[in-house]
Amino acid sequence: MAGFHDKNSRVVGTWKIIECVSLSGSSEATGIEGTEFVLSEAGDVTWTVTDGCDALPLFSCQMYEVYTYQNLQCYGNRTLLRFAAYNGHIIEFRLDQPVMSRDLMLLTYDGWFMLQCEKLSSPEVVPDLPYSLLPAFSDGYFSDVVITSSSGRKFEVHSIVLKASMPDIDCSDLCGVEDSALETILHYLYSCSLPSALTPPIAHKTIAATQHLRGFEDFRKKCDVFIKNSNLRNRLVCLMQEVQECVEAMAQLFNPNDPCGTSPTHLISVLKAALRQMAIGIVKVIELSQEFEHCGWTLTQEEQHEVMRYTRSRLPVILVMVVKLLANVRASLAALNYHTRQQLSQQLVPE
């Protein structure tokens, strides 16, 4: 039996479930009909569920992959479409597509049901960007108020826009605020959103600058959520880096060129140190998984994908280090003579 990841291009696009057929022979409305899902080239899946449909585990899946088995006993070749969620569960369908039509897809969940899906056309759609008054803020045309920051930088703004966004605002309260914090506040007043280039330090400054101002409660709440999500992303990235560092440390411990490498006492100390690093790495992996499972839902889908892309980018590096580790261990053991191996085994047994 051989299996390999297939290209996703055959299923990429927007699909609509037009029928759900029970394999037990019973026929009843499931409510899943009409549900649409988008399979992207990056392996992401997004769902648009119909009203009244139950919250099935399938709809919580955020990723997918196409996997093909060849020479599978009793089945021959089989193609699978796997949906997966970040919390670990996987839902697997057998994928069948009629040769004469790539616009139909049959997804069979063995022994339970079959989903008949139809591919929807994807017309060119102009992105529906949120409406904002940021161009007016950037150009400064017809401004009637000037707010001066702590450094003396002048921001030309429109009182009608500020009042519409924050009725209780007093522009004089914003004078003297630090540049980056004031620019963030004005960006929010003109667009009701935080700047894409916002950083946690600036978010802390803006919270402090508006702490005594009425009407900025929602703004401070958004900044607080941004800070927590940024800290969570950084924590997840740091944990992945620590896992990589543990593997690298293990690979460096077994050095076949070390003159002391043939000493049983030295090998035992190296083995103990490697086992400690392995234990630390396992703990970090568990901590990474639990952190993402318990707190990952607070991140936006884009932030979740960012974390997953970074994690995937680290996996090849870690695998290279694992191969190097195994090669070093093999070289270190191969350099031992029979007498040394006997001594090593006699010291390892009591350990």
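The Cβ shell under 14 Å around Ile18 holds other residues with a net charge of -3, Lys and Arg each +1, Asp and Glu each -1.
Exposed loop sites here mean trypsin sites (Lys or Arg not before Pro) with a DSSP loop assignment and at most 14 other beta-carbon atoms within 10 Å; the chain contains its longest site-free run at 215-351. Rounded to the nearest 500, the 222 nm mean residue ellipticity of the chain from helices alone is -14500 deg cm²/dmol, with -39,500 (n - 2.57) taken per DSSP H run of at least 4 residues. What do you get for the angle between helix 217-253 and the principal long axis of the chain? Use alpha-carbon atoms, 0 to 90 degrees, nearest ten. The angle comes out near 20 degrees. Ignoring aspartates and glutamates fewer than eight residues from Lys284 along the same chain, the ones with Cα atoms less than 13 angstrom from its Cα are Glu242, Glu245. Cross-link partners for Lys16 among the aspartates and glutamates, with Cα-Cα distance under 15 Å and sequence neighbours closer than 8 places in the same chain left out: Glu33, Glu36, Asp51, Asp103, Glu118.
Helix 200-209 versus the longest principal axis of the chain: what is the Cα-based angle in degrees, 0 to 90, to the nearest 10? Relative to the chain, helix 200-209 is tipped by roughly 30 degrees. For the range 225-351, the relative contact order works out to 45 percent when only alpha carbon pairs closer than 8 Å and six or more residues apart are counted.
Which of rounded, prolate, oblate describes the range 147-215, given a ≥ b ≥ c as roots of the alpha-carbon gyration tensor eigenvalues and a/c under 1.5 marking rounded, otherwise prolate only if a/b is larger than b/c? Here the range 147-215 falls in the rounded category. Pairs from the table (Lys163/Lys221; Lys228/Lys324; Lys154/Lys222; Lys163/Lys205; Lys154/Lys221; Lys272/Lys324) lying more than 29 angstrom apart at Cα are Lys228/Lys324. Using the Cβ-Cβ distance between Asp258 and Ser230 with R0 = 30 Å, the FRET efficiency computed as 1/(1 + (r/R0)^6) comes to roughly 0.10. Helix 301-334 and the longest principal axis of the Cα set of the chain meet at an angle near 20°. Scaled against 2.2 N^0.38 Å for its residue count N, the alpha carbon radius of gyration of the chain is 1.42.
Relative to the current alpha-carbon distance between Arg314 and Cys238, full extension at 0.36 nm per residue lengthens the span by 26.2 nm.
A short reminder: the numbers here are calculations on the coordinates, not readings from a lab. Please read all numbers here as calculations on a predicted model, not as lab measurements. Reconstructed Cβ throughout: ideal geometry from the backbone, glycine too, with neighbour counts over all protein chains shown.
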